[in-house]
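Remarks on the structure that follows.
The values are calculated or read from the model by the stated rules, or taken from the named source; none is laboratory data. Keep in mind it's a predicted model, so treat the numbers as computed, not measured. Every residue, glycine among them, receives a Cβ derived from its backbone with ideal geometry; neighbour counts consider all protein chains shown.
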Amino acid sequence: MQRLDHHYIDGRWVASRGTRWLPVFNPFREQVIAEVTAGDPADVDDAVAAARRALPAWQALGGAERGQYLDAFADALTRRREALIRLSCTNNGKVLAEAGIDLDDAIACYRYYAGQAQALDARQGQSVALEMQGVEARCYFDPAGVVGLITPWNFPLVTSAWKLAPALAAGCTAVLKPSEVTPLPEQALAEIATEIGLPAGVLNLLHGDGEGIGAPLTAHRDVDKVSFTGSNRVGEAVMRAASEGSRGVSLELGGKSPIVVLDDADPEQAADWIMAGIYFNAGQICSATSRLIVDTGLADAVYAALASRIDALRLGDPLDEASDMGPLTSERQREAVKAYLAIAEQEGLSAVRDGGDRRLPEQGYFLAPTLYRDVPATSRLWQEEIFGPVLCGHSVTTEAEAIELANASDFGLAATVISGDPDHAKRVGRQLRAGSIWYNSEQLVLPQTGWGGFKRSGIGRELGPWGLSAYLEVKHIVGPL
Ligand code: NAD
């Protein structure tokens, strides 16, 4: 069995000082496929010190050269694409097609920030025209410094790309901590760092859990900024830790996103986009559009179209091309979702499709794709992030009611609007409070567009120029002409 007992620190594989071990599962086989160290705060000290030593030279290199390394990351991921797809299927339970999309998203992100790094050079030292005042003011962008990057288990290579690529482009040096649930895919990033000759200490990768690595990394006084993706509970702990020493944070947290079907939508077409927004990755998506808000006149047609599509979903081996949906990533996650299904039963919710409607594969942490209709807005299933294949629907009679209900959430990560008229969809989209609004499409995530949430869904933005800004300090040099 594979044993992940080494961290990648200062360009070398170094034995972990941790004494606890955590099992890593294949959620389809329900088998332990590896053991990973839980890490130790002393490992964090070593990694942060290495990142600190590497910082001046990495910053001095300039954006063009840093961009070449990011292109090399993209090339190396492309060469390993097939192997990494299979690893994501094995460790995450993702089906092949979805793991392929993840890989391509990650590669596109490294490519995009390679370009952004190069463009940064031209932005350095631009003057602000203050001739009238007899003053010269030039603007520079310095790296934020040593950054701690913490990722969850649902999209490992993607969430790390969204942090690592802009951080390195900006000239920061990084300590990356993948989720202990899925440590295998991101392990490749350290291997690639060696392969492409990335200077030692620029990327350090620490395996471990929250106790062994995550909390000590966020509390470390020599970490200038922490970028965290994960749950609200842990995100708030990260923020508290960063308040010691007044250090910066970026947070990408949970969601309970709406999908609004307006009265002029085509129910069959709408059903395709609704399916993609909730059952992708077995519903373990931060931006899952898990609240369906549908015009009353269309509701029956939309539920019928969804029911037939749910029945057609093939649950099975993630590595089988025929499978549409794999198991949940962990037994723990399956149990967490099941707790919501029990609440649904207590609340007497009306199921269009639930676990009673299909036989699940005999092995694997599977859950049936579930759909409830006419869910009251007071239900816990309507209000809380479930992070599984559970869709709740609610009918409305007016557009104003749809908008009000869509916005009546603690979260604001994403939303989708479906209408027969794209301009109508866009007008409604402008009134929704969320970071990403899609209209008449599945969830299109592009490196050029920002990612992040309003309200409790987070602080700051990833991707696009905003994702780079998160790792830059703005500096002006001002004096007489
Ligand atoms: P989690 O919060 O349990 O863990 C996330 C990471 O934090 C892991 O690497 C974990 O080891 C680490 N961690 C745990 N305790 C820590 C501590 N005290 N200090 C520092 N780090 C600690 O989340 P998860 O279960 O891995 O992921 C699911 C959550 O992530 C969901 O709520 C989902 O919505 C959210 N998510 C958000 C986005 C987004 O872009 N907004 C993307 C993906 C996932």
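When Leu198, Leu168, Leu176 are checked against the criterion of being out of contact with any Lys or Arg (no Cβ under 8 Å at 6 or more places or on another chain) and either more than 9 Å from the ligand (Cβ to nearest atom) or modelled with pLDDT of 95 or more (or both), Leu198 stands alone in meeting it. Is it the case that segment 464-474 has a residue that's within 11 Å of the ligand (Cβ to nearest atom) and either among the small types (Gly, Ala, Ser) or in contact with a strand residue (DSSP E or B) (Cβ under 8 Å, 6 or more places away or on another chain) (or both)? Checked against the condition, which is being within 11 Å of the ligand (Cβ to nearest atom) and either among the small types (Gly, Ala, Ser) or in contact with a strand residue (DSSP E or B) (Cβ under 8 Å, 6 or more places away or on another chain) (or both), segment 464-474 yields no hits at all.
Look through segment 259-302, keep the residues that are under 13 Å from Asp374 (Cα atoms) and in contact (Cβ under 8 Å) with a residue 40 or more places away in the chain, and return whichever of them is nearest to the chain's Cα centre (by Cα). Checked segment 259-302; the qualifying residue nearest to the chain's Cα centre (by Cα) is Arg291. Would you be able to say whether some residue in segment 44-65 is surrounded by fewer than 18 Cβ atoms within 10 Å (Cβ to Cβ), within 12 Å of Arg17 (Cα to Cα) and out of contact with any Lys or Arg (no Cβ under 6 Å at 6 or more places or on another chain)? Yes, segment 44-65 contains a residue that is surrounded by fewer than 18 Cβ atoms within 10 Å (Cβ to Cβ), within 12 Å of Arg17 (Cα to Cα) and out of contact with any Lys or Arg (no Cβ under 6 Å at 6 or more places or on another chain). Ala237 is checked against (1) within 13 Å of the ligand (Cβ to nearest atom); (2) of a type in the set (A, V, I, L, M); (3) in contact with a strand residue (DSSP E or B) (Cβ under 9 Å, 6 or more places away or on another chain) and fails just one. What number does that condition carry? If we test Ala237 against (1) within 13 Å of the ligand (Cβ to nearest atom); (2) of a type in the set (A, V, I, L, M); (3) in contact with a strand residue (DSSP E or B) (Cβ under 9 Å, 6 or more places away or on another chain), just (3) comes out false. Within segment 303-319, restricting attention to residues that are of a type in the set (A, V, I, L, M) and touching a helix residue (DSSP H, G or I) at 6+ places or on another chain (Cβ under 6 Å), the residue that is nearest to Gly283 (Cα to Cα) is Leu306.
If you filter segment 411-428 down to residues that are surrounded by 18 or more Cβ atoms within 10 Å (Cβ to Cβ) and more than 15 Å from Asp266 (Cα to Cα), you find that the one that is farthest from the ligand (Cβ to nearest atom) is Val428.
Results for (1) assigned to a helix (DSSP H, G or I); (2) of a type outside the set (Asp, Glu); (3) surrounded by 17 or more Cβ atoms within 10 Å (Cβ to Cβ); (4) touching a Cys at 6+ places or on another chain (Cβ under 9 Å), shown as yes or no for each residue.
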position: Glu236; (1), (2), (3), (4): yes, no, no, no
position: Ala242; (1), (2), (3), (4): yes, yes, yes, no
position: Asp263; (1), (2), (3), (4): no, no, yes, no
position: Cys286; (1), (2), (3), (4): no, yes, yes, no
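Condition check for Val202 on (1) over 28 Å from Trp21 (Cα atoms); (2) in contact with a strand residue (DSSP E or B) (Cβ under 9 Å, 6 or more places away or on another chain): one failure, at (1). The criterion of at least 2 residues that are under 14 Å from Leu205 (Cα atoms) and β-branched (Val, Ile, Thr) is met by the following strands (runs of 3 or more DSSP E) wholly inside segment 1-46: 31-37.
Listed by first and then second residue, the pairs with beta-carbon distance under 6 Å, at least 6 apart or on different chains, first residue in segment 216-240 and touching a residue at least 60 places away in the same chain (Cβ under 8 Å) and on the phi < 0 side of the Ramachandran plot, second small (Gly, Ala, Ser) and part of a helix (DSSP H, G or I), are Thr218/Ala241; Val226/Ala242; Phe228/Gly235.
Taking segment 361-423 as the region of interest, the strands (runs of 3 or more DSSP E) fully inside it that hold 3 or more residues being in contact with a helix residue (DSSP H, G or I) (Cβ under 8 Å, 6 or more places away or on another chain) and in contact (Cβ under 8 Å) with a residue 60 or more places away in the chain are 390-396, 414-418. Among the residues of segment 142-162, those identified as hydroxyl-bearing (Ser, Thr, Tyr) and either within 17 Å of Gly100 (Cα to Cα) or surrounded by fewer than 24 Cβ atoms within 10 Å (Cβ to Cβ) (or both) are Thr159, Ser160. Near the ligand (Cβ under 7 Å from one of its atoms), crowded, with 22+ Cβ neighbours inside 10 Å and polar (S, T, N, Q), is that true of Thr218? Spelling it out, Thr218 is indeed near the ligand (Cβ under 7 Å from one of its atoms), crowded, with 22+ Cβ neighbours inside 10 Å and polar (S, T, N, Q).
Flag: Ser246 matches the condition of being more than 10 Å from the ligand (Cβ to nearest atom), of a type in the set (S, T, N, Q), over 23 Å from Glu35 (Cβ atoms) and assigned to a loop (DSSP other than H, G, I, E, B). Among the residues of segment 435-449, those that are more than 11 Å from the ligand (Cβ to nearest atom), within 29 Å of Asp264 (Cβ to Cβ) and part of a loop (DSSP other than H, G, I, E, B) comprise Asn440, Ser441, Glu442, Gln443, Leu444, Leu446, Thr449. Note on segment 331-351: among residues that are surrounded by fewer than 19 Cβ atoms within 10 Å (Cβ to Cβ) and not in a helix (DSSP H, G or I), the one that is farthest from the chain's Cα centre (by Cα) is Gly348.
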